[in-house]
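Undergrad: Submitted below is the structure of interest, expressed as structure tokens.
The values are calculated or read from the model by the stated rules, or taken from the named source; none is laboratory data. On a predicted model such as this, the values are computed, not experimentally measured, just so you know. Cβ coordinates were reconstructed from backbone atoms using ideal geometry, including for glycine residues, and neighbour counts include every protein chain displayed. For the accessible areas, the whole protein counts, side chains as well, though only heavy atoms, and no ligand, DNA or RNA atoms are used. Shrake-Rupley method; radii C 1.70, N 1.55, O 1.52, S 1.80 Å.
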Amino acid sequence: MDAPSDAMLPSAAATAAGPATPPPPCDLFPGREAEINTLTQLAQLPAPKTIFVTGPPASGKTAVCRAVFPEPRHPHVDAARLHVPRLLFESTLDALVGHTLTAENGYAPAYRCETMADWIFLLGRLHAENRLMPGASGASEPQRFIVVDNAHLLRNFPDVLTPLLRASGREALPLSLVFVTHLPWSRFMAFSPDVTPLIVPFTAYTAEQRLAIMARDCPPGEDPEFYTWFLHILHDVFCVPCTDLNELRYLASLLFPQLQACIASGAATREPSDRPKLFRHLGACQHAAGERLWTRELSRTEWAQLAPAATGAAEMAAPVSTGRRLLPLPYDTKFLLLAAYLASANPPKLDAHFYTRSGPEDGARPRALTGRGRGRGRGSRGGRGRGGTDAARGAGDHAAVAAAAAAAASTLAQMAPHARGPRAFPLERLLAIFHAIVPARGTKRGVAGGVRSSAGAVSTHAQVALLIALRLLLRAGGGGGGTGPGAAVGGAALRLDDVRLKCNVPYELAREVSASVSFDLDIYLVDG
Amino acid sequence: MGVCADAVVVADAGADAGADAGAEADAAAVVALVTPPTRAARPRAMLTPPPLAPLPSAASARPPRRRKPAEASPASTHKKARRDASPRRGAADRSGASHAPTADEAIAAAATTADAAAATDAETDCAAGAADARGEPAARPPVTADQVRLVQQTVMAQITGGRGDATPNVLADQATAVIHDILEHVVRDGESNSIVLTGPVGSGKRTLVDRCLATVTAAYGTPTTPKPFLLIRLRGLVEADARASVVAIVRQLHLEQQITEIANVAFAEALHTILALIKQGNDRAHLPLVFVVEDISAFADQPRQMLLYNLFDLVQSRAAPLVLIGTDIRTDFVESLEKRVKSRFSHRMVSVPAATDSVTFLDRVRKRLCVPEPPAPGAGLALDPAYAAAYNASVRDALEHGALRATAMAVFSSSQRPHDVWTACIPSVLALSPQQPLLTVTAPSPGAGLHALSALPTMLPLDALAPLESVLLLAARYLAVVHQCADFSFEMVHHIYKTQFLKLRRANMAVWRFKKAVVRKAFDRLVLLELIGLSDAAQLKQPKAFRLYAFMFYWPELDAHYLRRRRGGAGPADGPAASGLPGTGSSEGDDVLALWCRQSS
């Protein structure tokens, strides 16, 4: 007996939509029925002049808008491509009058339109002359929508965004703007504090909806049930760091061939009895390679080269292209970089303990006082032939440092190195540490050490300038001139004498560099 | 009148009973729609009929609905009610035997008192609609989809139409008189003047000016010159800078042929050229100029306030008959003027209040939500008068008793912009359907319309966060609570994540352990979502991992969010929580987050 009411729905839709755009089928967008319904109705009824579509990234906003407001009729603009507002005005006018940029017209826009006022004037004139909608499907659906994707980028043009949001000048035109963005309205409120548009919220997908959408990527010829099983496992692992659907689909597209290869090799079948075996195989892939794919350490191409050859987890975890990641620096420059890292990491008052040469038995090696290796339990202190007085002094200092650290255990002081980041240091300190840690060639090459001190100074300064240009060292003040990267590279504005620097290298990279020159970085680092 | 009063009481009782019945029937219909149409469910719905017969006790227990005594002249409404009665009776008869008492009584009451007509219409339609939706035999649905679509179109056009002649602001009579006076003087006597209207957005300033212009045009227009003045509109938001305003003036006076080069001319010079050109023309030489300047304070922000200075100077010096009507939302417009500009301004400021009391405000809100009654005769499909009345009654009801009243009152006490209420109503209007032909505003739907006013915290995309991203937010919160660090860097957050969060004693903390690069990616997504942002621009010069960030919202909201989510996860009706998947929405993930949230405070 539900027939009458049920039968009414399609007829209602048919009469409402008329011969114009059919509403997009909801099964193309699982979980977006309410949003599609709202937008479709807005497209068919007199719509508000400003519609604000918001929702988290990868929640189908753009796709739904493209389906509900199809392209040739309703212009779509991506704000990421607009570096000046003129492009917004001209491209929308082009789309509205059906003008395409071709070689014949010299890729010139239909109307030259620099300002918001011109745009509104042209829109009004076109509307009055009835040229706004060539090829329109009649008076049944007279309004048009301009969909602005990534609308949050329009905030760079406040002079444009405010009139657009407030529909200034468009009151009488059948023209609505649809702002699509992942930011909530509160981030736009400053641009239109007293006028709130209609907000169409897209909610985040639930886990079921994500899986349902990903299941539609099932490769042809594959057992859908098997693919769903695979997706569940993948989803369980990767939905914790990120629920972005695009990311998950990317991973699925890369990892599923692994599973297929495993089956093709005959190691397992698709039967449920073999699922634990496949699960183990997949788990190895995920943990070894998944995170590297995830962080784009491995690109899709590199993965394609690596994956067929790799059989176990170890190969997948191995670095593929070390050359890309390691810095191709000269040998001495690497030491300069390490010296800069140490200068940024350690407090200056401890320098004396690290880098003084206390006696001939020490040779060229500097001594490590509190080398705790950042909690890696190296504990490589003592044992380097320290003199008696030095040992006592060092022990006292170490105790003071430890006591201070203990006292500040739960205070901001403990966070200080994390908060502060690398310290700024003067150039002299960098050079002093550099000369202390660089292997003294004088012992091997005889008089060469003497040459370094004069000619080497020039090359050392050149290397510092190189590191600044590479942004491995940052200028923290002094040095004259501007502070932009251009000023650093230009060199003319840079006076190295009074410059203060900061090391812009994370610990991981510093360790890699130190390993490449077989230098033990950890024993020099003060923890905390 | 005594008889009539009795009849009113009877009608009210009947109507209330009918309302009960309608509500019951609606509920049953909803049940029937929600549950899958199995064979078991439907007979049950039919076997437990709602208390359709008027229950005297229930009806008398409820206070009779308050009505305004005179909404229309008795004679006309009486006639109208009788005219409406016949289709209604038919609908009621068709709606099924069980409804007969209510419907009959309602119709009898409607025939007696015109006042109850709208209400009974509502109930009849409601009952009939419910009966139909429930699947009882009905020859014809009472409200067709076309009718619903017509109401939607009418209401949406009224809501979104911008300028509404439908809702003139009754409070602006004084301002109307002043503007009209000024316009009359300039047209009749050539008296220049300047005036600024101030009032909140949506108070009807522009509508007021337009109406005055129209009446003056009608009064003084002659066949040869239909418009007794030259109108120039300037919009502060788009035409504030000197070049744009000159271009706008030239365009509106159709002087493009005479003035081609306007780029490099000083504004004063351009204005005098324009005036001279107008004087040259024979047909328009004697016509006064009327400048309508919207958002006039935007022109005050321009360097040297060229436009305002020149226009006020023209008004002052009486070089040409000219009227300047400015509108703005700022009441302190005069303070923003330079001295030389201020001294030339007439200092006539009229304020246009949006609403002084809630009754006028609600009335204004209601007018655009209702369809015109009797329906405007238009081409094509005409709106069924009975349905129109029922719909309007539902709007009135929602505004007087329903959830819409709360919304409207919230707006009244904050922004006083009826547009906010209308925008909030759009989802309800879009939800109209043959099954639900009357306006039902259940609750402020999350995210829609009024969100900006009432539910700002939930606008944060916290629900869209992945678990790891939530953990990082909570780690930043830990820094704020325990270490009193308002600003935090990625290294600090990662440190807390590693040393505090991963040490939580829970069963399955291994799934939360990630490499630094993965954590960094999650952190970057928080930046993308603008939940956190650089604490100042100088941080861009710092190494990436040590740039200081700050919350871009009031961070104690996090506690409420995660503790609430945990409660929601424990509830039976939470959809995502039932999935059993670890990760978002799973109760286990929520438990960990809530525990972490609690422990760190």
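Undergrad: Which net charge results when you count Lys and Arg as +1 and Asp and Glu as -1 among the other residues whose beta-carbon is under 12 Å from that of A:V517?
TA: So the environment of A:V517 carries a net charge of -1.
Undergrad: While we're here: Given the peptides B:227-238, A:92-103, A:159-170, A:265-276, arrange them by the average over their residues of other C-beta atoms within 10 Å, most packed first.
TA: Most protected by this proxy first, the peptides run A:159-170, B:227-238, A:92-103, A:265-276.
Undergrad: Going by the alpha-carbon gyration tensor, a ≥ b ≥ c the square roots of its eigenvalues, is region B:295-400 rounded (a/c under 1.5) or, if a/c is not under 1.5, prolate (a/b greater than b/c) versus oblate?
TA: It comes out prolate by the Cα gyration axes.
Undergrad: Could you please state how large a percent of the accessible area of region A:16-201 is carbon and sulfur, counting protein chains only and using a 1.4 Å probe?
TA: 58 percent
Undergrad: OK, next. Name the residue farthest towards the positive end of the dipole of region B:321-374 from the options B:I329, B:A355, B:P372, assuming +1 on Cβ of Lys and Arg, -1 on Cβ of Asp and Glu, about the Cα centre.
TA: Checking the options against the dipole of region B:321-374, the answer is B:I329.
Undergrad: So if each residue of separation counts as 0.36 nm, and I subtract the Cα-Cα distance between A:A432 and A:R131, what length gain in nm does that give?
TA: Going from the current span to full extension adds 100.9 nm.
Undergrad: Here is a follow-up. Can you tell me the dipole magnitude for region B:173-351 around its Cα centre, using point charges on the Cβ only (Lys, Arg +1; Asp, Glu -1), in Debye to the nearest 20? Before the final figure, lay out the partial values.
TA: Details: 19 positive and 20 negative charges, 29 e Å.
Charge dipole of region B:173-351: 140 debye, to the nearest 20.
Undergrad: Normalised by the number of residues in region A:16-201, what is the relative contact order in percent for Cα pairs under 8 Å and 6+ residues apart?
TA: About 34 percent, as a whole number.
Undergrad: Summarise the partner chain shielding of A:232-244 as one whole number: the mean count of Cβ atoms from other chains within 10 Å of each residue's Cβ.
TA: For peptide A:232-244, the averaged partner shielding equals 6.
Undergrad: Amide H of B:G326 versus every other amide H placed in the peptide plane: which residues, excluding those fewer than 5 positions away on the same chain, fall under 5 Å?
TA: B:I195, B:V196, B:L197, B:V293
Undergrad: Then there is this: Please compute the modelled spin-label separation between B:L231 and A:H287, points set 7 Å along Cα→Cβ, answer in nm with one decimal.
TA: Each label point is offset 7 Å from its Cα along the Cβ direction, giving 7.6 nm.
Undergrad: Partner chain Cβ atoms within 10 Å, averaged over the residues of A:118-124 - can you pull that number for me?
TA: That average works out to 3.
Undergrad: If you put +1 on each Lys and Arg Cβ and -1 on each Asp and Glu Cβ, how big is the dipole of region B:280-367 around its Cα centre, in Debye rounded to 20?
TA: The calculation lands at about 220 debye.
Undergrad: Distance cut-off 26 Å, Cα to Cα: go down the list A:K61/B:K515; B:K516/B:K541; B:K498/B:K544; B:K521/B:K541; A:K61/B:K521; A:K349/B:K498 and report the pairs above it.
TA: In this structure, A:K61/B:K515; A:K349/B:K498 exceed 26 Å between Cα atoms.
Undergrad: Translational diffusion coefficient, Stokes-Einstein: compute it for region A:16-201 using the Kirkwood radius over C-alpha pairs as Rh, at 20 °C and 1.002 mPa s, and state it as an integer in µm² s⁻¹. Working shown, then result.
TA: Numbers: Rh = 16.9 Å.
D = 127 µm²/s.
Undergrad: OK, next. Could you check the spin-label model distance between A:H232 and B:T440? Points 7 Å from the Cα along Cα→Cβ, value in nm.
TA: 3.7 nm
Undergrad: Within 10 Å, count the other beta carbons around each residue, average over each peptide in B:204-217, B:344-357, and list them highest first.
TA: B:204-217, B:344-357
Undergrad: Here's another thing I want to ask about it. Would you calculate the convex hull of the Cα atoms in region B:173-351 and tell me its volume per residue in Å³?
TA: 107 Å³
Undergrad: Now, a different point. If the reach is capped at under 19 angstrom between alpha carbons, list the lysines near A:K334, excluding any in the same chain fewer than eight residues apart.
TA: A:K502
Undergrad: How high is the relative contact order of region B:173-351? Use alpha-carbon pairs under 8 Å, at least six apart in sequence, and give a whole percent.
TA: Value for region B:173-351: 36 percent.
Undergrad: What FRET efficiency, computed as 1/(1 + (r/R0)^6) with R0 = 51 Å and r the Cβ-Cβ distance, is obtained for B:R505 and A:L466, rounded to the nearest 0.05?
TA: Rounded to the nearest 0.05, the efficiency is 0.55.
Undergrad: On average, how many beta carbons from a partner chain sit within 10 Å of the beta carbon of a residue in B:147-159?
TA: Neighbouring Cβ atoms belonging to other protein chains average 3 per residue here.
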